[in-house]
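The next block holds one structure in the form of structure tokens; read it before the comments.
Coordinate-derived values only; no laboratory data. Computed from a predicted model, the values in this text were never measured in an experiment. Here the Cβ is made from the backbone with ideal geometry for all residues, glycine too, and neighbour counts use every protein chain on show.
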Amino acid sequence: MVDSVEVRASGLLAIGDGHEVYWEESGSADGIPAVYLHGGPGGGLGAGAYRNKFDPARFRIIGFDQRGCGRSAPHATAPGYDLSKNTTPDLIDDIERIREHLHVDRWLVNGASWGSTLALAYAQAHPARVRGIVLVAVTTTDRFAVDWITETVSAIYPEAWDRLATHAEQAGIGYRRGDGRIIEAYAQLMTHEDPAVRDRAARAWADWEDHHISIGSGGVQRNPRWEDAEFRELFATLVTHYWAHDGFLTPPILERMDRLHGIPATLIHGRRDVSSPSGLVWRLHRAWPDSELIIDEGGGHGGTAMGQAWHAANTRHADRLDAGPSIR
């Protein structure tokens, strides 16, 4: 696997609603176009480790910070920001604008975590633009998936969830555990007019995030990105906004799998990923005859072996695409 792949082109693209989206390219200008969709929502491209999951000699690697986060502007936490202009249909439109701006006809779509949901939603909306799909730490962000990650996993991390619920109960917004969804309570807290309320809620949310992704990663470890107060608030704002609306997906991903007929896919998932239980990716795989499923028995919501499987999957798709025309 390549140690480092450098960015060779980047820019800001005006996409409407006052937004500009940061995009970047690496790898071969004449390679197979591939787009990466990051996690979160709100995680951003970060340091760009995603670029190492592609052979730069074979791929034209494209990544972007989704609207409202990363190097895109404005941030979703900016004063007066309209969160109603930041939804999954908006992100799908943004992907199409980037594709057209970069003169890409069709591409291989990669997505990790929330990015896997976005990749699926994009492919269902624009199947003719997709040459294949590679997904890692797969999730569908439907009502079951959201309630699982915010409520049901409390059976595994009761102490951490108790802290999460207690904070919401003591925040003065009328939330009581067992009466209403905790995700809706945190979405309310993250849009509170008082910045101190938002900061405390973001800290509580970050603590919960660190716990529910920890199995398979060697125990609970604090994400160093939480030390950045701006990032912490931005991430918690966008995650709770999307999850409180079940990913803005109507109908849910699993109810429109017919739209992916004929699109080859690789689904890579960790058996120990309690944030998104393997039953979800199994259901997706069963509804998608053109998919292959790779379960890493030791992996959680990511891991070294899963990263290696990711790189290998992209290489297999490159071999397929170089061999001749695909179904789509």
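Summary table
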quantity	calculated
Sites matching trypsin sites (Lys or Arg not before Pro) across region 183-262 that sit in DSSP coil, with at most 16 neighbouring C-beta atoms within 10 Å	ARG222, ARG256
Calculated FRET efficiency for the pair THR315/ARG143, C-beta based, R₀ 22 Å, to 0.05	0.05
For q = 0.15, 0.20, 0.24, 0.26 Å⁻¹, Debye-computed log10 I/I(0) when each Cα of region 236-279 counts as one equal scatterer	-0.62, -0.98, -1.05, -1.03
Net lengthening on full extension, SER10/ARG203 (0.36 nm per residue, minus Cα-Cα)	66.2 nm
Contour minus Cα-Cα distance for ASP179 and ASN223 (0.36 nm per residue)	12.8 nm
Rule-of-thumb Rg ratio for the chain [Cα; 2.2 N^0.38 Å; N residues]	0.96
Folded to 0 to 90 degrees: helix 304-323 orientation relative to the chain principal axis, Cα	30
Label-to-label distance, nm, for residues given as GLN170 and ALA128 (7 Å Cα→Cβ offset)	5.7
Degrees separating the helix 88-101 axis from the principal Cα axis of the chain, which is the longest one	30
Within the chain, longest stretch clear of exposed GluC sites (Glu not before Pro) (DSSP loop, no more than 13 other Cβ within 10 Å)	7-192
